[in-house]
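These notes concern the structure reproduced below.
The values are calculated or read from the model by the stated rules, or taken from the named source; none is laboratory data. These numbers come from a predicted model, not from an experiment. Cβ placement follows ideal geometry from the backbone for every residue including glycine, while neighbour counts extend to all protein chains displayed. Just so you know, the surface numbers come from the protein's heavy atoms only, side chains and all, with ligands and any DNA or RNA stripped out. Shrake-Rupley method; radii C 1.70, N 1.55, O 1.52, S 1.80 Å.
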Amino acid sequence: MHQLTLAEIARGLADKKFSSEELTKTLLARIAQLDPQLNSFISLTEDLALQQAKAADARRANGESGALLGAPIAHKDLFCTQGIRTSCGSKMLDNFKAPYDATVVAKLASAGAVTLGKTNMDEFAMGSANESSYYGAVKNPWNLEHVPGGSSGGSAAAVAARLLPAATATDTGGSIRQPAAFTNLTGLKPTYGRVSRWGMIAYASSLDQGGPLARTAEDCAILLQGMAGFDANDSTSIDEPVPDYSASLNDSLKGLRIGVPKEYFSAGLDPRIAELIHHSIKELEKLGAVIKEISLPNMQHAIPAYYVIAPAEASSNLSRFDGVRFGHRCADPKNLEDLYKRSRGEGFGAEVQRRIMVGAYALSAGYYDAYYLKAQKIRRLVKNDFMAAFNEVDIILGPTTPNPAWKLGAKNSDPVAAYLEDVYTITANLAGLPGLSMPAGFVDGLPVGVQLLAPYFQEGRLLNVAHQYQLNTDWHTRTPTGF
């Protein structure tokens, strides 16, 4: 049963081939057996999962149906879950039990999804390797000596290792798409505002967006259907009708205009990945797509702009963690200043501290105009480049990452080297566009992803292209040895 996709699970439950309770018990046993070598979970919720599975079986027995009814999933550990630890991968929130469910958690629970647990992540979603977690690094199931990508590496590793069929994740600068590429999954970052951020602990509020991680585009369509929608509790949520994402999966790609930015194929891209991307392009041409070279001239400025804006917003968002109301509190503080300093110094890890300091500096008097304001102007230029490109093409295609997954610890002494791995993904967050990564092959036994970007609220188009590609390739069906 662990090899079944979400879509296959839905059909199996509908045909009474197995119950949600049987499936849940099977996957919980598999997690207990295999996760110690991956470290993909922070918390398991066995009692809740079995309770939800029994309830889902009862709902089906009463005539209810639904693609997510009885389907096991997990949540990245920054989605608040009532009465369950929500740690953000940080010592700061190690003892925090959320008093309410995030909108995403509530919506999926209402649809009948079964929560198996909370997945490991880079601390406060800051990282590209899932090595900054207070609970230890997550291992890539394709090679346990390599990173799974970050910050949603726990969700990605768990799904790739067939511990469960799908999981929620978040993407601030590529944190859904990059782990998807590194672990041979399909990952979708929706349009900013498409999925509610209420109850999703913030890293950078104007960039964060929740989305699905799964093995296929079809499964991502199912999970996104349960996650998407307007939420009055979230001031950044957009009141836009949610289409049936599964309905357009089988649309023809004939005449689809695909733009390939020349800037993507620079010296920084591994030539073996470039070759795989060109193979993907040829595959889509066979399906009727039309390829056109385009230009995104301001892409080169995106990384410096992102690494001013994101830390600036993080320094503001993380100021609430002060040792007073919730989270880690230092022992025997001498006074209020000592309480703040030691609680934050002990509670935050090195990467989080680094980004808070960078952000606070960029926002400080005398530097705001020079750094933060200029970065926001670059952000507008990046968005304008995309708007001009989408006047000529329907989607944009390129590599998800410049390199395959690196070895654990290989970039720890040079944070900037890790930041540069986000070069192809962060532009979608700066512009608020939807983006998807899908499996495109292997380099040295490690997975490689191809990225698709689309205009606002065109997630269905991305899923359609990815699904058609997956009907004609088998990369997404490959399973890591031992799992």
Rg [Å, one decimal], Dmax [Å, integer] - segment 6-254, C-alpha atoms: 16.6, 53
Local charge sum around Val443 (other residues, Cβ-Cβ under 13 Å, Lys/Arg +1, Asp/Glu -1)? -2
Taking only DSSP H segments of four or more residues, each worth -39500 (n - 2.57), what value at 222 nm results for the chain once the sum is divided by all its residues, to the nearest 500 deg cm²/dmol? -11000 deg cm²/dmol
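Over segment 24-121, calculate the relative contact order: mean separation of alpha carbon pairs under 8 Å at least 6 apart, over the residue count, as a percent.
39
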For the chain, report the translational diffusion coefficient in µm²/s to the nearest whole number, using Stokes-Einstein at 25 °C, 0.890 mPa s, and a Kirkwood Rh over Cα pairs. 111
Treat each spin label as a single point 7 Å out from the Cα along the C-beta direction, and report the Lys407 to Gln51 distance in nm. 4.6
Using alpha carbons only, how many angstrom separate the centre of segment 271-297 from the centre of segment 136-209? 25
In sequence order, what are the phi-derived ³J(HN,Hα) couplings for segment 302-308 according to the Karplus relation 6.51 cos²θ - 1.76 cosθ + 1.60 with θ = phi - 60°, rounded to whole Hz, with x for glycine and proline? 5, 4, x, 5, 4, 7, 9
Might you work out the accessible area of Tyr368 for me, using a 1.4 Å probe with all protein chains in place, and round it to the nearest 10 Å²? 90
Between Glu275 and Val290, what is 0.36 nm times their sequence separation minus the Cα-Cα distance? Round to one decimal in nm. 3.5 nm
Could you report the accessible area of Ile238 in Å², rounded to 10, computed with a 1.4 Å probe on the protein chains as they sit in the structure? 60
For the residue pair Val242 and Asp474, what label-to-label distance in nm results when each label sits 7 Å from Cα along the Cα-to-beta-carbon direction? 3.5
Can you work out ³J(HN,Hα) from phi for every residue in segment 433-444, in order, using Karplus 6.51 cos²θ - 1.76 cosθ + 1.60 and θ = phi - 60°, giving whole Hz and x for Gly and Pro? 7, x, x, 9, 10, 9, x, 9, x, 9, 10, 6
What does the accessible area of Lys286 come to, in Å² to the nearest 10, when a probe of 1.4 Å is used? 150
Mean accessible area per residue over the chain (1.4 angstrom probe, all protein chains present, square angstrom) is 36
Within the set of other residues whose C-beta is less than 14 Å from the C-beta of Gln376, count the net charge using Lys and Arg as +1 and Asp and Glu as -1. +3
For the chain, which whole-number percentage of the solvent-accessible area (1.4 Å probe, protein heavy atoms only) is attributable to carbon and sulfur atoms? 52
Amide H contacts under 5 Å for Thr119, placed H, 5+ residues apart: Ile42, His75, Lys76, Asp77
